[in-house]
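Right, one structure below, let's go through it.
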Amino acid sequence: MPDTEDAQSPPPGSTPSEMFPVLTSTQQARVLAHGERRTVEVGEIVVELNEHVTSVFVVVSGQLHVQQVSNNQEHLVAICNPGMFTGELSVLMGRRGLVRIRAAEKSELFEIDRKALQALVETDSEISDIFLRAYILRRLELIALEVGDIVLVGSSHLLDTLRIKEFLTRNYQPYSYIDLERDTQVQEMLDRFSLSLDDLPVLICRGSAVLRNPSNEEIARCLGFNEGIDQAHVRDLVIVGAGPAGLAAAVYAASEGLDVLILESSGPGGQAGASSKIENYLGFPTGISGHELSGRAYAQAQKFGAEMLIAKDANGLACDRRPYRVLTGNGQSVPARTVVIASGAQYRRLQLENLSKFEGAGVYYGATYLEAQLCGGEEVIVVGGGNSAGQAAVFLAQTTTRVHMLVRSEGLAKTMSRYLIRRIEQTPSIELHTNTEVVALNGNDHLEGVTWRNNQTGQTESHNIAHLFSMTGAVPNSAWLGGCVACDQTGFIKTGSDLTTEDLEKAKWPLARSPYLLETSLPGVFAVGDIRGGNVKRVASAVGEGSIAVSFVHQVLAQ
Ligand SMILES: Cc1cc2nc3c(=O)[nH]c(=O)nc-3n(C[C@H](O)[C@H](O)[C@H](O)COP(=O)(O)OP(=O)(O)OC[C@H]3O[C@@H](n4cnc5c(N)ncnc54)[C@H](O)[C@@H]3O)c2cc1C
C-alpha cells in the first residue's frame, strides 16, 4: 500500500458538521432502507479514484478514509465515522471520482446506488438538504484543496490559458495551475513530458494524458464529463444552453417527471456565471456570485435527474419532421419531442483591428475573481454603460488602483440601474469618462496601452493600461438554428404573440391554435431568456421564462 499519513492528523481544511454530518438514527433508518449491507476489510478500497462513482456508503461501524492520491501517495482528506456518508457532486453527476476511499478498519457499511439516492433526495426533503449541502460543500473544499490529478501549465499571457481555466472552473473541476511566468521549476516539468513552449497551455489529465492546448471538448472527453449519457433515445425535452434560463427549464421539467437532456457548449452558468456578484436576484439580499448561483441550480437539476452534455455545441436543428433532432456535429444528433432554446447572447466586440491579439491577454469579457487576480493593484478600463459594466467597475474597484469607465453616450442614467450609478458615484477610484470611445490598443504579447477619444471634442489620450474589460451589449447565439425559427432583424427569436401572421405563413405553421407564450414559429420549440426578442436581460426573467416554458412543454407533449 502506498504511504498514508497518520490517520489521527487533522485533514487539510476543516470538516465542519455540515460538510460531514452524522445522520440521526431516524435519518439513518430512512436512508438505509434504500441500500444493501456490506462488510469491508481493513485496507479495502470502496471507491477508487477516477472510476465512476455509482454508489454512496453510510458507515454503520468502523471507519473510512477519504484520500487524495498524487504521485502514488495517499493523503488523508477526511474521515467518515459511524453515521456519516461518502460522496460529493460526482455521485449526482455520474462522473468519475476525485478521491480514493479506503476502509481504515473492518467496517460495516450500507451501499446505496446512485439511482436509489436520486429517488430518495427527490422525495425526502430533510435528507435531500443534508446530502445536497454536504455534497456542494465537499466539492468546494476539493476545489480549494486542488484535489485531483489535473494540472494546467500555462501563461497568463495566453488566451487559451484563460479559456481552459474558465472551462474547468465553470464545471467545478478541481485543478492545480502552474504559471510559466512565475514558476521557475516549470522547465523541468516540461522536459519530463517532452514539451516545448509551443505546446502551451498543456493540461495533464488524470496524471498521465498530456493534452497540448486542448479544446474544451477534448478536456470533457478526458475527464469523462459526458460518459454514460445516452444520446440516442428520444427525450421529452432537449434544452440548448445551460445559463439561468436553460437551468431553470431543466429543474422544472425534470422535477415534473420529464426526461430532460441539456446541451451546453462550455459549462453551466452562461453569462450569469461570469458575474462577480448578482445583487438584484430575489432572495439574496447580500448578493450571490453567478458561479455560486449556477452551481446550486446545476446540482438541483442533477438531483431531479436532468442530464447535461458538457462542451457539446448544438450546431443545427433538423426541423422538417418530428421528433426534432438537435445536431451536434460529426453526423451526430439528439432526438427530441420538444426543444427549449436557451442559448443566450454574447458580448459585442469592439471594432478594433488588433482586438483578437489581446483577447484574454489584457482584453476580457467577464469580470470574475479569475480576471481580478490578473490585474490586482493596477489601473483598468471598463468599456460600457449597462448594468454588467457597472458591476464590473464596482467589483474591480476593490482590488485595483483606478477604474476608468468609458461610455459612448453622455451618461449612465438611460442604461444603468440607479443603485449601481450611486455605487459608482460613491467610489472615488472609479473615474467616469462620458462621450468616450476606445480607438487603439497597443502591445506585443499582452495589452500594454490604450488610446481613447472624446467623440465631442475629438481629443485623444493614451494611457499605459494593461487591462480592458469590454462590456458593450450582446448579440444572440441564434446562427446555429439555420433559419428554422422566425427571428427579428437582429437575430433574436420571435415567440408567442410577437409572431405576425406573415411570420407564421412563412414558417408554414401547421396547427389551428396560435403559438403559445414563448413558443417559436415551430410547434413544440420554445425560446427563453436572452435569446428571445424582447427579453429584458435579467437573471430573474431568464429563470422565469425557463420555468414558464415547461408548463407549455407539458401541453405540447399531451397533444
Ligand atoms: C458580467 C455580467 C453580469 C450580469 N449581472 C446581472 C445581474 O446582476 N442581474 C441580472 O439580473 N442580470 C445580470 N446579467 C444578465 C444575465 O446574466 C443574463 O440576462 C442571463 O444570464 C441570461 O440567461 P440565459 O440563460 O438566457 O443566457 P446565457 O446566460 O447567455 O446562457 C446561454 C448558455 O447557452 C450556451 N450556448 C450558446 N450557444 C450554444 C449552442 N449552440 N449549443 C449549446 N450551448 C450553447 C452558452 O455557453 C451559455 O452557457 C449579467 C450579465 C453579465 C454578462
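Brief remarks on what is shown
- Spin-label proximity, L282 to region 493-529 - amide N less than 19 Å from point 7 Å beyond Cα toward beta carbon: 518, 528-529
- For T328, distant residues with modelled amide H under 5 Å away: N315, S333, V334
- For the chain, convex hull volume per residue from C-alpha positions, Å³: 170 Å³
- Partners for K506 among aspartates and glutamates (Cα-Cα distance below 19 Å; same-chain residues under 8 apart left out): D320, D488, D498, E519
- With a Förster radius of 35 Å applied to the C-beta separation of A33 and R206, the computed FRET efficiency comes to 0.45.
- Interchain or long-range residues, amide H under 5 Å from H404's placed H: V380, I381, V382, E431
- Which of H291, L352, A389, positive extreme of dipole for region 291-397 (C-beta unit charges): H291
- Members of K277/K414; K312/K508; K494/K537; K508/K537; K165/K277 lying beyond 25 Å, as alpha-carbon distances in this model show: K312/K508; K508/K537
- Backbone geometry of region 452-468 corresponds, through the Karplus equation with coefficients 6.51, -1.76 and 1.60 at θ = phi - 60°, to 3J(HN,Hα) couplings of 10, 10, 7, 6, 9, 9, x, 6, 10, 9, 10, 9, 7, 10, 9, 9, 10 Hz, x marking Gly and Pro.
- Relative exposure of F469, F492, judged by other C-beta atoms within 10 Å (fewest first): F492, F469
- Amide proton proximity set for S176, modelled H, under 5 Å, gap of 5+: I150, V151, L152
- Leading residue at positive end of dipole, region 402-453 (Cβ point charges), from N444, G411, H433: G411
- Theoretical gain in end-to-end length, A232 to K106 [0.36 nm per residue, Cα-Cα removed]: 41.0 nm
- Here the simple spin-label model places points 7 Å from the Cα toward Cβ, and for A318 and A413 these points are separated by 5.6 nm.
- Our analysis of region 326-456 gives Rg over Rh at 1.08, with the two radii drawn from alpha carbon positions and Rh computed by the Kirkwood formula.
- In straight-distance terms, cross-link reach from K106 covers every one of the aspartates and glutamates whose alpha-carbon lies under 20 Å from its own, apart from those fewer than eight places away in the same chain; here that gives D3, E5, D6, E36, E41, E44, E48, E74.
- Converting phi to 3J(HN,Hα) with the Karplus coefficients 6.51, -1.76 and 1.60 and the offset θ = phi - 60°, region 486-503 yields 6, 10, 7, 4, 9, x, 7, 7, 8, 9, x, 6, 6, 7, 7, 4, 4, 4 Hz in sequence order, with x at every glycine or proline.
- With eigenvalues of the C-alpha gyration tensor scaled by 5 and rooted, region 87-222, Å: 35, 16, 13
- Two-site FRET efficiency, E51 against K508, from Cβ-Cβ distance with R₀ of 51 Å, rounded to 0.05: 0.50
- Phi angles across region 68-82 convert, under the Karplus curve 6.51 cos²θ - 1.76 cosθ + 1.60 with θ = phi - 60°, into 3J(HN,Hα) values of 7, 10, 9, 6, 6, 9, 9, 10, 5, 9, 6, 10, 10, 9, x Hz, Gly and Pro given as x.
- Where a label projected 7 Å from the Cα of S194 along Cα→Cβ would reach, residues of region 149-177 with amide N under 20 Å: 153
- D by Stokes-Einstein for region 251-409, Kirkwood Rh over Cα pairs, 20 °C, 1.002 mPa s: 117 µm²/s.
- Full extension of the chain segment joining H433 with T24 gains 141.2 nm, where the gain is 0.36 nm per residue of separation less the Cα-Cα distance.
- Once you reduce region 202-255 and region 358-403 to the center of their Cα atoms, the two points are 29 Å from each other.
- By the count of neighbouring beta-carbon atoms within 10 Å, fewest first, T520, T472, T451, T161 end up ordered T451, T472, T161, T520.
- Net length available on complete extension from N330 to E126 is 69.0 nm, with 0.36 nm assigned per residue and the Cα-Cα distance removed.
- Dipole magnitude of the chain, debye to nearest 20 (Cβ charges: Lys/Arg +1, Asp/Glu -1, about Cα centre): 1600 debye
- Alpha carbon convex hull of region 1-160, projected area averaged over orientations, nm²: 10.3 nm²
- The Kirkwood radius of region 444-516, taken over pairs of alpha-carbon atoms, gives through the Stokes-Einstein law at 20 °C and 1.002 mPa s a diffusion coefficient of 127 µm² s⁻¹.
No lab work stands behind these numbers, since they all come straight from the coordinates. Everything numeric in this text was worked out from a predicted model, so none of it was measured. Virtual Cβ from ideal backbone geometry, glycine too; neighbours counted across all protein chains shown.
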